[in-house]
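These notes concern the structure reproduced below.
The values are calculated or read from the model by the stated rules, or taken from the named source; none is laboratory data. Owing to the predicted nature of the structure, the values given are computational and were not obtained by experimental measurement. Quick reminder, even Gly has a Cβ in these numbers, built from the backbone with ideal geometry, and neighbours come from all protein chains shown. Ligands, DNA and RNA are excluded from the accessible area calculation, which covers all protein heavy atoms including side chains. Shrake-Rupley method; radii C 1.70, N 1.55, O 1.52, S 1.80 Å.
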Amino acid sequence: MKFETECVHAGQSPDPTTGAVMTPIYQTATYQQDGLGKPRGYEYSRTGNPTRAALEACLASLEAGEFGLAFASGLAATDTVLRLLQPGDHVLAGNDVYGGTYRLFEQVLRPYGLEFTFVDTTDLAQVGAGLQSNTRLVWLETPTNPLLRVSDISAVSRLVKNTSSTPLVVVDNTFATPFLQRPLELGADLVVHSTTKYLGGHSDVIGGAIVGRDPALRERLAFLQNAVGAIPGPMDCFLILRGIKTLPIRVTRHSENAAALAEVLAAHPAVEQVIYPFHDSHPQAALARRQMAMGGGMISFTLKGGAEAARRVAESTRIFALAESLGGVESLIEVPAVMTHASTASSTLAIDPGLVRLSVGIEHIADLQADLEHALDQLQSSTFAFEKLGLSANNS
Ligand code: PLP
């Protein structure tokens with residue numbers, strides 16, 4: 001089956017009892033058994049639930065994996081992957097990971113005895129130098145949140161597999177989605193998602209997932225999923241399954257809109273730098289075009305007026321809503337340093353307070369362009385007025 005067909009059908013077949021075309025929401029905690037030790041496939045919904053099983057099979061199929069496991073959030077999925085390790089094990093991670101991932105690593109897991117080093121994983125030399133004899137896991141996020149840095153999944157996987165400790169390569173594929181990038185086909189061992197984002201696609205559910213191929217990893221991770229219990233409810237699984245059905249159409253439109261807006265931003269006099277994986281100015285544009293089918297729906301940019309200008313733009317758009325999260329059909333704007341990435345403040349991962357992040361939605365491009373240009377033009381004209389008065393707009 002082609003990817004678009006898998007999105008609609010994988011893991012889902014009409015309900016055998018009723019013929020219901022949509023996967024039913026099996027809103028049950030437990031299941032009647034035919035006799036002692038004779039369950040009909042399910043015993044208790046923390047361990048397994050048919051709506052969740054459909055989502056897990058669908059995710060495995062989309063990522064070209066052998067198994068999928070669904071979680072209550074992206075961070076719950078991340079935490080479960082890290083529970084594969086033992087105290088004293090070392091993790092080499094990207095130095096521009098999502099703020100919540102950094103917080104989990106540094107503030108929750110480090111005190112339990114895991115070691116972390118954060119390096120620029122776009123630079124193979126830094127990856128090589130960061131590997132230690134006790135490195136058990138390499139954590140890549142690509143493109144990263146929020147700087148949209150692109151790491152070479154194949155090259156990092158090859159490099160890592162040639163070392164004696166052969167750490168697992170785990171890729172957070174939330175920004176790209178399996179429609180644009182399939183890390184398991186590029187040599188990664190596990191893929192992690194915040195299904196809250198593009199997979200769910202409508203900003204109405206929190207969820208996470210792990211997908212992989214190795215049966216031994218599946219066994220341990222499924223054990224942890226049940227033993228720790230950070231599972232999603234059936235209604236949430238249904239919503240994510242429903243979202244996935246339109247993933248290719250949505251991500252195509254997100255990417256087309258974002259590519260067009262990257263050009264609009266690059267041409268605007270108030271903008272200092274635009275960061276978009278498929279934009280010619282992006283340092284890894286060639287790799288991004290090789291590794292990803294399209295550029296995705298996320299753009300970051302800085303303004304000549306710095307943090308104050310970022311605040312003013314983020315507060316003055318009308319269609320782009322000032323909000324955290326990403327990947328929904330509606331456009332969002334935020335300032336990561338004080339919102340999604342506040343937990344990295346005063347660390348080496350701290351984000352420039354003048355950086356603005358856009359999650360470009362699927363609205364009409366003309367409306368999105370007009371909204372952004374209006375916010376930027378306002379900034380430009382007030383800066384001009386301040387300059388004429390001999391004042392600094394940054395001190396307003
Ligand atoms: N990974 C990335 C790249 C994210 O952007 C996020 C959330 O923003 C997460 C993981 C965590 O996912 P969740 O919020 O579903 O726990």
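Numbers below:
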quantity	calculated
Probe 1.4 Å, all protein chains present, accessible-area order of I153, I231, largest first	I231, I153
Surface accessible to a 1.4 Å probe, per residue, for the residues of the chain, Å²	42
Relative packing of peptides 103-114, 19-30, 327-338 - highest average C-beta neighbours within 10 Å first	327-338, 103-114, 19-30
Candidate residues K38, K197, K2: accessible-area rank, largest first, probe 1.4 Å	K2, K38, K197
Centroid-to-centroid separation of the range 155-171 and the range 67-124 [C-alpha atoms, Å]	16
Value of [θ]222 nm, deg cm²/dmol, for the chain, DSSP H segments ≥ 4, -39500 (n - 2.57) each, nearest 500	-11000 deg cm²/dmol
Of all accessible heavy-atom area on the range 3-244, the percent that carbon and sulfur account for (1.4 Å)	52
Other-chain or far-sequence residues with amide H under 5 Å of Y98's (modelled H)	N145
Q273/A72 FRET efficiency (R0 45 Å; Cβ-Cβ; nearest 0.05)	0.80
Gyration tensor over alpha-carbon atoms, the range 206-319, equivalent ellipsoid semi-axes in Å	36, 19, 16
Solvent-accessible area of K161 with every protein chain in place, 1.4 Å probe, in Å² to the nearest 10	80
Additional length obtainable on full extension of the chain from E256 to V8, 0.36 nm per residue less Cα span	87.1 nm
Local electrostatic count, R182, Cβ distance below 14 Å [Lys/Arg +1, Asp/Glu -1]	-3
Whole-number percent relative contact order across the chain, with pairs defined as alpha carbons under 8 Å at least 6 apart	16
Convex hull of Cα atoms in the range 247-395, direction-averaged projection (nm²)	9.3
Relative contact order of the range 173-255, defined on C-alpha pairs under 8 angstrom at six or more residues apart (%)	31
Amide N of the range 262-301 lying under 11 Å from the label point, which is placed 7 angstrom from the Cα of S381 along Cα→Cβ	none
For the range 286-299, 3J(HN,Hα) per residue [Karplus equation, 6.51 cos²θ - 1.76 cosθ + 1.60, θ = phi - 60°, Hz, x = Gly/Pro]	5, 5, 4, 5, 6, 8, 10, 6, 9, x, x, x, 9, 10
Mean separation of Cα contacts under 8 Å, 6 or more apart, over the residue count of the range 247-395: relative contact order %	25
DSSP-defined antiparallel bridges as percent of all bridges, the range 3-244, nearest 5	40
Sequence-distant lysines (8 or more away, or on other chains) whose Cα lies within less than 17 Å of K245	K2, K197
Order by protection proxy (mean Cβ within 10 Å, highest first), peptides 125-135, 246-256	246-256, 125-135
Listed residues R136, R242, R220, most fluctuating in the chain (Gaussian network, C-alpha, under 10 Å)	R220
Dimensionless Rg/Rh of the chain - Kirkwood Rh, Rg from C-alpha atoms	1.00
Stretchable slack from Q86 to E324, in nm (0.36 nm times residue separation minus alpha-carbon distance)	82.4 nm
Carbon plus sulfur fraction of accessible area for the range 247-395, probe 1.4 Å, in percent	56
